[in-house]
Protein chains: 2
Amino acid sequence: MIDFTFYSPTFFAFGKNAEAETGKLAKRYGATKALLHYGQQSVIRSGLLDRVETSLHEAGIETVRLGGVVPNPEASKVYEGIELGRREGVDMVIGVGGGSAVDSAKAIAAGIPYDGDFWDFYDDKKTIEKALPIGCVLTLAATGTEGSNSSVITKVEDNQKKRGIGHNLLRPAFSVLNPELTYTLPAYQTACGIADMLAHILERYLSNTPDVELTDRMSEAVMKTIVNQGRIAIREPENYEARAALMWAGMVAHNDILGVGREQDWSSHQMEHELSAVYGVAHGAGLAVVFPAFMTYTLEHDLARYAQLAHRVFDVEPDFGNLRGMAEEGIRRFKAFLKEIGMPLTFAELGAREEDIPMLASRVYLTNGDLLGFFQPLSRDDIANVYRLAL
Amino acid sequence: MIDFTFYSPTFFAFGKNAEAETGKLAKRYGATKALLHYGQQSVIRSGLLDRVETSLHEAGIETVRLGGVVPNPEASKVYEGIELGRREGVDMVIGVGGGSAVDSAKAIAAGIPYDGDFWDFYDDKKTIEKALPIGCVLTLAATGTEGSNSSVITKVEDNQKKRGIGHNLLRPAFSVLNPELTYTLPAYQTACGIADMLAHILERYLSNTPDVELTDRMSEAVMKTIVNQGRIAIREPENYEARAALMWAGMVAHNDILGVGREQDWSSHQMEHELSAVYGVAHGAGLAVVFPAFMTYTLEHDLARYAQLAHRVFDVEPDFGNLRGMAEEGIRRFKAFLKEIGMPLTFAELGAREEDIPMLASRVYLTNGDLLGFFQPLSRDDIANVYRLAL
């Protein structure tokens, strides 16, 4: 185990009708005027935005609305939110929706008190020193942004640069999680969320740090639950218990309680980011394509770890003389699960093109000097090879 | 899953020499003068108290010392701390030691700003509305107080009343966890800590709430790790990895991440409190005696749950036609493990007397109206029967 700090100060209100708590929670964190930030019309049509606004008004908090966040949220909307928030003098930003609305809300919350271009934070030029308190009313179990320190924004006008950052000031002050709000999600989006959560855990699970039994076992527990309950949620979209398990699992998968004390990888996320940036595919779908390819490519790097994953999460029978066989069977079952819930597994299904691979590989943001990731650090050639395994 | 809130805002600094961070962390939470609260001489002899004090002084924070907290910490010391803290004008209370020092520090932190007798909080007469920020430098992995909302204090002069409370204002602002500080613990105390952690999880695990796969699996993951790493720590007291796993597991076991969304029991803790109060035994040792007895007594209440525990934590082979046999074998293995690490299993080993059982049963604080606990609520007769099973 390596030394670590862990800080997850978010107050979570979880359950049926939890959104009615928004006003009380916002008040507790000192809000007098909140920017309500959301994406498409669905939160308006469903009445959710009105309910949240009513709860805030009843707590004596004024509101300003800003909608129009798109999947893979864009810097242009963040600039708009910062300008609006400053003009209106808001002292809290509340994202209502999925990861995109909340990630965009986080960027606005950091940008409002900053005397420069918020993109400096995402472009590794500056560190956040101050942010408005952030609230979250979640409608999609996937990115874990409701409890995480991260936010990912795309700068369309700068060659579709997609950049993620992590900072404790980006952890929401409070998050409201009502599993019923996810009932109406299309099966495809539910499945993308499932793929995303599993990826958040696997990025931490694939580690070279020895002696991490506790976080290994906890990670396996959460992955196994996501697989079991994910299947149910796809089959029965209004099954409260399955939706509730997924919603809480999405938070646990990414607030870093499963990542403490271990080196983490995060190369598949970087490789996926370019698929999203170039083809506009959903993050979870891109991960479903990239992650099994990455696992296949790095199988030999730690057969024992892959065999353990195969056994403990995908019920592959131990075969101690044939760890490679176990590891391969584990990846096969992982892919079969992703396919079962409706995820793509290949470039073709995603609409990505083989001839773009050199371009994609050249775009990937390298996180480890000249290399990508930490489990088995990848050169640009390796990255291209991983993409090829996903053809 | 039932509706819940979850809030664990503590900042954890974990690793070798983590205590050197104390000053920086205390400053971040606004301290200018801190009460350093501790127990026996060991933190002085080891130099830990000096190191913590130096770190605080280097951060420009004044300190006042108050030692002498005893195991099963007493109200009299809390009164002393409140008086000293007020006189000295401290604005933070830092517990340095195990659960006793930190629980006492929590009571002092709540008592200083309260215009009445702090015991009102523990006697269910008042709710805490304000507390000084609390710091923790942990030397013992056991009670989970470093991340929990709880504090247990005994009022000797009031018939040894031992009362625990839970309030989010009692969660430490920061906790410093250095596994090396636990190297010198006697094996007996290490084992008591292990029994206490397992009990914290089992009190939550024994639940009537259906559809709790996520918290079930996470709980099993942590219990299995505690058993595995506990064995190692007893055998090799200076094994960093085992000590580190236990130290973090102790936090996870009790900050309630394993308890959210489910009804919890907590009857074994109440039954143990009377053993500690009357015979002065270590809390973990008392739990080792009471918990298996409680499990045996309530076996029929949920054979499937006990069989699941037996299989997933104690590796009992599934035998679907004989859940009772599996459940019993699970308890046998649990007891064998406790015995292996040096814990008592009977009243006799604890120095408790059969003839005291009616008196003990009459003392137990009932948490569920006229009954105790929520898994299989116990009458006073049931409580006496549980004690008898531990003879």
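Table for the structure above
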item	result
Residue in the range A:371-380 that is loosely packed, with under 13 Cβ neighbours inside 10 Å, out of contact with any helix residue (DSSP H, G or I) (no Cβ under 8 Å at 6 or more places or on another chain) and either outside the structural domain of A:V278 (by TED's automatic domain parsing) or without any contact (Cβ under 8 Å) to a residue 60 or more places away in the chain (or both) present	no
Enumeration of residues in the range B:8-19 that are surrounded by 16 or more Cβ atoms within 10 Å (Cβ to Cβ) and touching an Asp or Glu at 6+ places or on another chain (Cβ under 9 Å)	B:S8, B:T10, B:F12, B:A13, B:F14, B:G15, B:A18
Residue satisfying all of: in the range A:124-142; in contact with a Leu (Cβ under 6 Å, 6 or more places away or on another chain) and more than 12 Å from A:A101 (Cβ to Cβ); surrounded by the most Cβ atoms within 10 Å (Cβ to Cβ) among these	A:A141
Unique residue being out of contact with any Lys or Arg (no Cβ under 9 Å at 6 or more places or on another chain) and buried (at least 21 other Cβ atoms within 10 Å of the Cβ) when the list is A:A233, A:A245	A:A245
Flag for B:E80 being over 30 Å from A:N178 (Cα atoms), in a helix (DSSP H, G or I) and more than 14 Å from every other protein chain (Cβ to nearest Cβ)	yes
Among (1) within 17 Å of A:A249 (Cα to Cα); (2) crowded, with 21+ Cβ neighbours inside 10 Å, the one test that B:E203 misses	(1)
Filter result for A:V152 (of a type in the set (A, V, I, L, M) and surrounded by fewer than 23 Cβ atoms within 10 Å (Cβ to Cβ))	no
Residue check for B:L202: assigned to a helix (DSSP H, G or I), within 14 Å of chain A (Cβ to nearest Cβ) and at pLDDT 95 or above	no
Among the candidates A:R333, A:R305, residue that is free of Cβ contacts under 8 Å to residues at least 40 places away in the same chain and either within 19 Å of A:P71 (Cβ to Cβ) or not small (G, A, S) (or both)	A:R333
Among residues of the range A:144-167, those that are at pLDDT 95 or above and either assigned to a loop (DSSP other than H, G, I, E, B) or polar (S, T, N, Q) (or both), counted	9
B:G135 in a loop (DSSP other than H, G, I, E, B), touching a Phe, Trp or Tyr at 6+ places or on another chain (Cβ under 9 Å), at pLDDT 95 or above and not charged (D, E, K, R)	no
Checking B:L185 against (1) surrounded by fewer than 21 Cβ atoms within 10 Å (Cβ to Cβ); (2) in a loop (DSSP other than H, G, I, E, B); (3) on the phi < 0 side of the Ramachandran plot, the condition it does not meet	(1)
So A:N255, is it among the polar types (S, T, N, Q), surrounded by fewer than 19 Cβ atoms within 10 Å (Cβ to Cβ) and assigned by TED's automatic domain parsing to the domain that holds A:C192	no
Test: residue in the range B:164-176 that is within 14 Å of chain A (Cβ to nearest Cβ) and over 30 Å from B:G89 (Cβ atoms)	no
Pairs where the first residue, in the range A:1-21, is facing another protein chain (nearest Cβ under 7 Å) and the second is basic (K, R) and outside any strand (DSSP E or B), C-beta under 7 Å, 6+ apart	A:D3/B:K16; A:S8/A:R171; A:P9/A:R171
Scan of the range B:79-94 for residues that are in contact with a Ser or Thr (Cβ under 8 Å, 6 or more places away or on another chain) and under 23 Å from B:E157 (Cβ atoms), ordered by number	B:G81
B:A105 being closer than 30 Å to B:I234 by Cα, at pLDDT 95 or above and not acidic (D, E)	yes
Residue among A:S76, A:S55 that alone is free of Cβ contacts under 8 Å to residues at least 40 places away in the same chain and either polar (S, T, N, Q) or out of contact with any strand residue (DSSP E or B) (no Cβ under 6 Å at 6 or more places or on another chain) (or both)	A:S55
Residues (among the hydroxyl-bearing types (S, T, Y) and within 10 Å of A:M92 (Cβ to Cβ)) located in the range A:21-38	A:Y29, A:T32
Test result for B:A110, in a loop (DSSP other than H, G, I, E, B), of a type in the set (A, V, I, L, M, F, W, C) and either under 16 Å from the mean Cα position of the chain (by Cα) or at pLDDT 95 or above (or both)	no
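Quick grid of which residues meet (1) out of contact with any Cys (no Cβ under 9 Å at 6 or more places or on another chain); (2) in the same structural domain as A:Q40 (by TED's automatic domain parsing); (3) not hydrophobic (A, V, I, L, M, F, W, C):
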| residue | (1), (2), (3) |
| --- | --- |
| A:K125 | yes, yes, yes |
| A:I128 | yes, yes, no |
| A:G135 | yes, yes, yes |
| A:A142 | no, yes, no |
| A:N149 | yes, yes, yes |
| A:V152 | yes, yes, no |
| A:R163 | yes, yes, yes |
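The values are calculated or read from the model by the stated rules, or taken from the named source; none is laboratory data. Every value quoted in this text rests on a predicted model; they were computed, and no experiment measured them. In this analysis, Cβ positions are derived from the backbone assuming ideal geometry, glycine residues included, and neighbour counts consider all displayed protein chains.
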